[in-house]
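The values are calculated or read from the model by the stated rules, or taken from the named source; none is laboratory data. Quick caveat: nothing in here was measured; it's all calculated off a predicted structure. In this analysis, Cβ positions are derived from the backbone assuming ideal geometry, glycine residues included, and neighbour counts consider all displayed protein chains.
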Amino acid sequence: MKRIYILIILICVCLAGCRSHRAAVRHDRAQRDTATTTTPTTEAHPERLDTLMNANYSTLSANFECKVRGIDVSGQLRMGKDEIVWVSISKIIELGRAQLTPSRVQAYIKLAGKKYDLSYADIKRQWGIDADFATLQALLTANCPPQCRASKEPQRDGDEVTLWYTQAGTRQLTLKKDYATKRITAATLQSNGQQIELTYSNWTTIDGQRIPSTINVVIKSKQLNEQTAIKLERITLNQKQSYPFKM
């Protein structure tokens, strides 16, 4: 049961996503942005390297597949922006459910009959994961988390721009973005020995919003050392959602 528990926590904490449908990926590649690098503007009109293209939505849902520690699982992911992230994990039958809210992380592992109700402080203490709901929610859709303070000037290297932020006083957030599209391509969240790395690719357009369809995740802390890619299909935005969950 330990592996299943770690899997639920990993999915809840990382909130990563991609699509496994090959035809959809090929179509996305065919529709990939054709924008080219723009010549920097003159000093009279300086370029804004800190500008990011964020997705705007109220809800998100998708089916997913992933592998963690050799275990293939599938499930559903649903999110109500600024309110809840809901996950159901299955392996032939449902293994468990979990939900994140701004204050709590709750999980129910059906096979073990175990229930967990944790604060984000509990998550940090037990697994060394230092991240709040708003940050995790933003990283799911490759958006810049709120309440970030630039710690130094952005730096451009060819088509890639690096941005450095300080968050919540101690967390260090590094973002990589594509210069032409202004979309985040990678994010690294560091704090007290923790490092969460997310790499975004294979973007897909849903209701006019560009959402990353592949996110590779690496978590390193004193208690955890995990990496995975979660595969999503049938992504929908801005549709009414339900979040069935009972502790």
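Some points to look at:
- The listed residues are N225, N192, and the only one of them that is free of Cβ contacts under 8 Å to residues at least 12 places away in the same chain and out of contact with any helix residue (DSSP H, G or I) (no Cβ under 6 Å at 6 or more places or on another chain) turns out to be N225.
- Of the residues making up region 185-236, those that are basic (K, R) and at pLDDT 85 or above are R210, K220, R234.
- Any chance Q76 is part of a strand (DSSP E or B), at pLDDT 90 or above, over 28 Å from D50 (Cβ atoms) and touching a Ser or Thr at 6+ places or on another chain (Cβ under 6 Å): yes
- The condition (being more than 30 Å from R125 (Cβ to Cβ) and either surrounded by 15 or more Cβ atoms within 10 Å (Cβ to Cβ) or of a type in the set (S, T, Y) (or both)) is satisfied by just one residue among W203, W164: W203.
- All positions within region 54-68 that are surrounded by 15 or more Cβ atoms within 10 Å (Cβ to Cβ) and either free of Cβ contacts under 8 Å to residues at least 24 places away in the same chain or not small (G, A, S) (or both): N54, Y57, T59, L60, N63, F64, E65, C66, V68
Conditions (1) farther than 12 Å from A168 by Cβ; (2) β-branched (V, I, T); (3) in contact with a helix residue (DSSP H, G or I) (Cβ under 8 Å, 6 or more places away or on another chain), marked per residue:
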| site | (1), (2), (3) |
| --- | --- |
| G113 | yes, no, no |
| L118 | yes, no, yes |
| Q126 | yes, no, no |
| A131 | no, no, yes |
| L140 | yes, no, no |
| C144 | yes, no, yes |
| K152 | yes, no, no |
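- The condition of being touching a residue at least 12 places away in the same chain (Cβ under 8 Å) and either within 13 Å of A142 (Cβ to Cβ) or aromatic (F, W, Y) (or both) holds for only one of T181, T236, that being T181.
- Flag for R32 being modelled with pLDDT under 85 and surrounded by fewer than 17 Cβ atoms within 10 Å (Cβ to Cβ): yes
- Complete set of residues in region 79-96 that are over 22 Å from A121 (Cβ atoms) and in a strand (DSSP E or B): M79, G80, S88, I89, S90, K91, I93, E94, L95, G96
- Test: residue in region 84-100 that is surrounded by 13 or more Cβ atoms within 10 Å (Cβ to Cβ), modelled with pLDDT of 85 or more, of a type in the set (V, I, T) and out of contact with any helix residue (DSSP H, G or I) (no Cβ under 7 Å at 6 or more places or on another chain): yes
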